[in-house]
1. Check whether at least one residue in region A:162-171 is buried (at least 17 other Cβ atoms within 10 Å of the Cβ), over 18 Å from residue A:43 (Cβ atoms) and under 23 Å from the mean Cα position of the chain (by Cα), and report yes or no.
2. Of the residues A:302, A:277, A:264, only one is in the same structural domain as residue A:346 (by TED's automatic domain parsing) and touching a helix residue (DSSP H, G or I) at 6+ places or on another chain (Cβ under 7 Å); which?
3. Here's a check for you: in region A:276-291, which residue that is modelled with pLDDT under 85 and in a loop (DSSP other than H, G, I, E, B) is surrounded by the most Cβ atoms within 10 Å (Cβ to Cβ)?
4. Within region A:66-77, can you find the residues that are away from DNA strand C (no atom under 16 Å from the Cβ) and either on the phi > 0 side of the Ramachandran plot or assigned to a helix (DSSP H, G or I) (or both)?
5. Please find, within region A:81-115, the residue that is farthest from DNA strand B (Cβ to nearest atom) out of those that are in contact (Cβ under 8 Å) with a residue 60 or more places away in the chain and part of a loop (DSSP other than H, G, I, E, B).
6. Mind telling me which of the residues A:342, A:334, A:323 ends up being touching a helix residue (DSSP H, G or I) at 6+ places or on another chain (Cβ under 7 Å), closer than 18 Å to residue A:262 by Cβ and surrounded by fewer than 16 Cβ atoms within 10 Å (Cβ to Cβ)?
7. Out of everything in region A:146-156 that is more than 16 Å from DNA strand B (Cβ to nearest atom) and part of a loop (DSSP other than H, G, I, E, B), what residue ends up being farthest from the chain's Cα centre (by Cα)?
8. Looking at region A:327-365, which of its residues are within 30 Å of residue A:315 (Cα to Cα), in a helix (DSSP H, G or I) and away from DNA strand B (no atom under 16 Å from the Cβ)?
DNA sequence: AATCCGGGGCC
DNA sequence: GGCCCAGGATT
């Protein structure tokens, strides 16, 4: 059995490739899950679903997809929407720049492509938020074109199928995988083939304990024949998790709660939140949230009352959140549209990331009487 | 090439 | 608590 190191994919036996194409397409046709975006070839639906599925599980995406296409049924309706509306539909899904790019992308399609999703690689790559994977997925699934659509699942399948030991965290390996994807994709049905690879990765060729006994490519799999399927793919880079202490201010003016928009850059950019300061743990150089409110907004508040602590884990970041309650003493002299005082039942009008939504939900259960006693 | 950007499920 | 992700943009 061959080990296909860098560049050796050109030597993959032609019969082996044809067998893989035949077995995989038949398996996909018979065994694929019925999902909302698989009911159609509409390029718009395929686009939305593929972007939502980036780094996100199918079960999470389904309700978001249905709500999204209900609210924005076509490219025009998305292009003419306000960004706030688009973000609202994305609330809780994470990686919010995906929603902003989707919105920008719809505008580009309306302005530069006459409102139709382009069907060539060259044009489709001009749309913000569409990279190599999403481009290939749209071309093959919506337009039946012979294009590679290589994501994490496909790299795992390839690494086992062809016994590839290169580190899939490296970009040269990813590029190599894309070449393999373009080389082996079925000319008969590129859509079934690409979706078949991903479905196989999701259902059979799973990261841990792959179900080889049920795999349609059992006989073609190099790793399985050597019994090394569990050791692949090889992925070396490990991001370090940084812990950050975050002070959050729950400020009340009577029964109204203070919220403000986060900065236009960085984590959770441009989304609504309660005022917060971040500082790296073990460094005492941060200002307290109370001082920030006074210096940045000229807002005087009572001494903070520590309420509770909570953790929130992002991919490479751990937030240790300390939540303090304050009462307003003196209004800010600045009239800033990005500062608002809202009643609790108004929080659904604004877009809050999950980390803050959890806090707001906990706050809600604390009685107003208690706040007034501060 | 390295870094940033969420969130949830699983063990 | 640590692991896994159906990536793309920016620097």
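1. So far as region A:162-171 goes, yes, one or more of its residues are buried (at least 17 other Cβ atoms within 10 Å of the Cβ), over 18 Å from residue A:43 (Cβ atoms) and under 23 Å from the mean Cα position of the chain (by Cα).
2. A:277
3. Quick first cut of region A:276-291, residues modelled with pLDDT under 85 only: A:278-287.
This time we only want the ones that are in a loop (DSSP other than H, G, I, E, B), so: A:281-287.
On the way: A:281: 11, A:282: 7, A:283: 9, A:284: 7, A:285: 6, A:286: 16, A:287: 14.
That would be A:286.
4. Within region A:66-77, the first condition is being away from DNA strand C (no atom under 16 Å from the Cβ), and the residues that meet it are A:67, A:70-77.
Within region A:66-77, A:67, A:70, A:71, A:75, A:76, A:77 meet the criteria.
5. The extreme case among them is A:91.
6. A:334
7. A:146
8. A:344, A:346, A:349, A:363, A:364
The values are calculated or read from the model by the stated rules, or taken from the named source; none is laboratory data. A quick note: this is a predicted structure, and the numbers were derived from the prediction, not measured. Methodologically, a virtual Cβ is constructed for each residue, glycine included, from the backbone with ideal geometry; neighbour enumeration extends over all protein chains shown.
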